[in-house]
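Right, one structure below, let's go through it.
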Amino acid sequence: MKELFLSEWERIWARKKTIVSLIIYVALLGLFATWLHRGGIGFYTPKLETSLNALNFPTFLLKETGFILALIMLPMFFVDSFNGEYSSGAYRLILIRPHSRGKLLLAKWLSMAAVVAIFLSIAFIFSHILGQILYSAPNSITFYPDGDSYSAAGAFGYSLLYYLTFFAIYLALLGIASLISSFLPNTILSFFLILATLLATFYTPDSYHYFILNGEAAFRVLNGTDTTTFISSVLGIIVGTFILVYTYWKRRNWTM
């Protein structure tokens with residue numbers, strides 16, 4: 001299992017698009033940070049705003065950049081991992097060895113989850129450092145109107161939970177992407193079907209808009225609104241899609 005994970009990990013970082021995407025994302029973090037700093041305010045919703053400071057800056061920077069990961073970069077990585085290697089014949093080279101298809105799939109999920117963690121970790125560290133440089137830190141802060149008040153340590157914990165909420169959303173996205181990619185091996189069609197699926201969630205009740213309005217959803221969840229719905233739906237998507245994909249992979253001959 002360790003060898004499969006390392007093999008998958010090496011192939012991910014051997015692709016030029018991985019490094020280029022990482023560089024682009026860091027540049028976008030800097031660009032959006034500049035825009036936020038010039039405006040001096042962060043928006044919970046289009047009608048609800050607050051002044052930025054060193055304690056809440058990390059959450060609002062991720063809120064402004066999270067949709068780029070959800071709608072462009074991560075679907076691209078997921079499709080490339082599942083469909084690109086099938087089209088190139090990489091699966092055949094791996095599975096001619098005595099490796100379980102189930103273990104290969106698990107290695108893919110783990111490696112993709114690690115990529116997501118790296119992108120979020122970079123944003124987390126970058127935003128905290130930049131927030132301390134650009135702003136002063138108040139003694140306490142309220143992250144949402146009429147919400148609890150947090151000290152500096154509490155605000156750090158809140159922002160960590162905020163980023164973990166995004167991580168859970170992206171794991172659900174990974175499940176959807178792997179399911180679509182498994183049944184539709186064409187890379188381009190899979191990407192656009194994933195995008196269409198995410199956009200379609202915008203026509204569901206507000207509590208299910210976390211794939212598109214992930215920043216607003218994360219604030220609501222941490223404020224105690226839609227928390228049960230969020231946990232049950234995200235967990236249901238992760239478990240349901242992973243079971244379906246695992247079952248499909250165990251039955252299909254991917255080396256054909």
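Quick note: the coordinates plus some simple rules give every number you see, no bench work behind them. Owing to the predicted nature of the structure, the values given are computational and were not obtained by experimental measurement. Methodologically, a virtual Cβ is constructed for each residue, glycine included, from the backbone with ideal geometry; neighbour enumeration extends over all protein chains shown.
Charging the Cβ of each Asp and Glu at -1 and of each Lys and Arg at +1, and nothing else, the dipole of the chain about its Cα centre rounds to 1100 debye.
Residue ranges 176-183, 132-139, 55-62, 121-128 sort as 55-62, 176-183, 121-128, 132-139 when ordered by packing (mean number of other C-beta atoms within 10 Å per residue, highest first). Below 8 Å between Cα atoms, with a sequence gap of 6+, how large is the relative contact order for the chain in percent? Here the relative contact order equals 27 percent.
Shown here are the Rg and Dmax of the Cα trace of the chain, at 19.4, 62 Å. Among 23-35, 39-51, sorting by the average number of other beta carbon atoms lying within 10 angstrom of each residue, highest first, gives 23-35, 39-51. Taking label points 7 Å from Cα along the Cα-to-Cβ direction, residue 225 and residue 160 give a separation of 2.6 nm.
Nearest 10 degrees is fine. How inclined is helix 16-39 to the longest principal axis of the chain, computing both from alpha carbons? Once rounded, one gets 10 degrees. Once the Cα atoms are used to define both axes, helix 57-68 deviates from the longest principal axis of the chain by about 40 degrees.
The lysines within cross-link reach of residue 108, meaning a Cα-to-Cα straight distance under 20 Å and a gap of 8 or more places when in the same chain, are 2, 16, 17, 250. Out of every Cα-Cα pair that the stretch 102-171 contains, those further apart than 20 angstrom amount to 44 percent. Once both axes come from the Cα atoms, what is the angle between helix 187-200 and the longest principal axis of the chain, in degrees from 0 to 90, rounded to 10? For 187-200 against the chain, the angle is about 40 degrees.
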